[in-house]
Amino acid sequence: MKKGLVLEGGGMRGLFTAGVMDVMMEHGIRFDGIVGVSAGATFGCNFKSHQIGRVLRYNIRFKDDPRYMGLRSLLKTGDLVAAEFSYHTLPNELDIFDFDAYNADPAEFHVVCTDVRTGEPVYHRLDCMDDDGLEWIRASASMPLVSKPVCIEGRLLLDGGISDSIPLRYFQEQGFGRNVVVLTQPKGFYKRRTKLMPLFHLFMRCYPAIVRAMSRRHLMYNAELAFLEEQERQGNILLIYPQDTLPIGRTEQDERKMRRVYAMGRVKAEEMLSAIREFV
């Protein structure tokens, strides 16, 4: 039975996931496949490239760099996270992503995006990481309202979390029968309808399928939480989640908070290390 790792998004809450992944890498825990959504994709690919500490390192190093993320980039380019710098210059020149290690590792890596025209999820297996692969990662993490759609193979794509925030069911359909699922919200969390719907109606009226998907995203997400509970009861998954709401915003760049959230992920993984080893 194939073992999988399922990684939820959540922007900078994903530093919790990075802490969990680093502990697992340090202890030689591996999976047959990984699926990441949004930050789960941008951070999760470092698990397949075996780069312990890279996620925290580059986020701290470039947190104040206007080329990386911020209002200046949003106003200048339409992307809060600068596309060329963050997804090409940074991994190719400044904090180099180990493409060779990623491509040599036998684990599958899947990303989830959302088709702007249909509002439906798009799943893509990234066997080879290169500049085109980095565009798939960017698409998966391109948050609506603060990102332009990414055009890949004739499709316009945005954040995978819009349509499939926790793609456990998808991974099970790919043959991954035992999955470790890393969430960035605490147990008992349930999503409510976004208060930003007026902004979606105003600024994304050219993409009505995305507006519809965002209007029902909370229903999709909560249904996925119910499915997780069912699968946990059946012993098919091991859930890893923060004890409490993580003390950081989706795009927050406070170094103290970033380090704290990362440390929380490490502590949680260390506490659950025996359970993780036994499960996989």
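The values are calculated or read from the model by the stated rules, or taken from the named source; none is laboratory data. None of these values were measured; they are calculated from a predicted model. Virtual Cβ from ideal backbone geometry, glycine too; neighbours counted across all protein chains shown. Each accessible area value is taken on the protein alone, full model and side chains, heavy atoms only, with ligands, DNA and RNA left out. Shrake-Rupley method; radii C 1.70, N 1.55, O 1.52, S 1.80 Å.
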Given a 1.4 Å probe and every protein chain left where it sits, what share in percent of the accessible area of the chain is carbon and sulfur?
51 percent
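Going by accessible area, probe 1.4 Å, with all protein chains left in place, what is the ranking of M272, M24, largest first?
Descending accessible area places them as M272, M24.
Using DSSP, restrict attention to beta bridges with both residues in the stretch 1-145 and report what percent are antiparallel, rounded to the nearest 5.
40 percent
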Specify the residue with the greatest mean-square fluctuation among D79, D254, D22, computed from a Gaussian network of the chain linking alpha-carbon atoms under 10 Å apart.
D254
Positive dipole terminus of the stretch 198-280, leading residue within L238, Y207, G265 (C-beta point charges)
Y207
Residue-level accessible surface for D100, protein heavy atoms, 1.4 Å, Å²
120 Å²
In whole Hz, with x marking every Gly and Pro, tabulate ³J(HN,Hα) for the stretch 243-259 from phi via Karplus 6.51 cos²θ - 1.76 cosθ + 1.60, θ = phi - 60°.
5, 9, 4, 5, x, 7, x, 4, 10, 6, 10, 7, 4, 4, 5, 4, 5
Whole-Å distance, taken between Cα centres, linking the stretch 55-101 and the stretch 122-174
18 Å
Over the Cα atoms of the stretch 131-280, each weighted equally, I'd like the Debye log10 I(q)/I(0) at q = 0.08, 0.09, 0.16, 0.20 Å⁻¹, rounded to two decimals.
-0.28, -0.36, -1.13, -1.42
Within the under-13-Å Cβ sphere about L80, not counting L80, Lys/Arg +1 and Asp/Glu -1 give a net charge of +3
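From the cross-link list K76/K148; K3/K257; K63/K257, which pairs have alpha carbons spaced over 21 Å apart?
K3/K257
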Springs between alpha-carbon atoms under 10 Å, Gaussian network over the chain: tell me which of A139, A209, A18 tops the mean-square fluctuations.
A209
Once phi for every residue in the stretch 189-194 is put through the Karplus expression 6.51 cos²θ - 1.76 cosθ + 1.60 (θ = phi - 60°), the whole-Hz ³J(HN,Hα) values, with Gly and Pro written as x, are 6, 9, 7, 10, 4, 4
Roughly how big is the chain's charge dipole about its Cα centre, with Cβ charges of +1 (Lys, Arg) and -1 (Asp, Glu), in debye to the nearest 20?
1160 debye
Listed by chain and number, the residues whose amide H is under 5 Å from that of L156, excluding neighbours fewer than 5 places away on the same chain and using placed H, are V116, R117
From the backbone phi of the stretch 167-175, what are the Karplus-calculated ³J(HN,Hα) couplings (6.51 cos²θ - 1.76 cosθ + 1.60, θ = phi - 60°) in whole Hz, Gly and Pro given as x?
x, 5, 4, 4, 5, 4, 5, 7, x
What helix-only [θ] at 222 nm does the chain give? Using -39500 (n - 2.57) per DSSP H run of at least 4, over all residues, to the nearest 500, the answer is -12000 deg cm²/dmol
Leaving out ligands and nucleic acids, and using a 1.4 Å probe, what accessible area per residue does the chain come to in Å²?
44 Å²
Non-local residues with an amide H under 5 Å from the amide H of E108, with H modelled 1.01 Å from N and Pro and chain starts lacking one, are G33, I34
For V122, the residues 5 or more places away or on another chain with a placed amide H closer than 5 Å to its own amide H are C113, T114, D115
Under the definition of Cα pairs under 8 Å and six or more residues apart, what whole-number percent is the relative contact order of the stretch 124-163?
34 percent
Tell me which aspartates and glutamates have Cα within less than 13 Å of K268's Cα, excluding those fewer than 8 residues away on the same chain?
D22, D244
Placing unit charges on C-beta atoms (Lys and Arg positive, Asp and Glu negative, everything else neutral), compute the dipole magnitude of the stretch 80-185 about its Cα centre in debye, rounded to 20.
560 debye
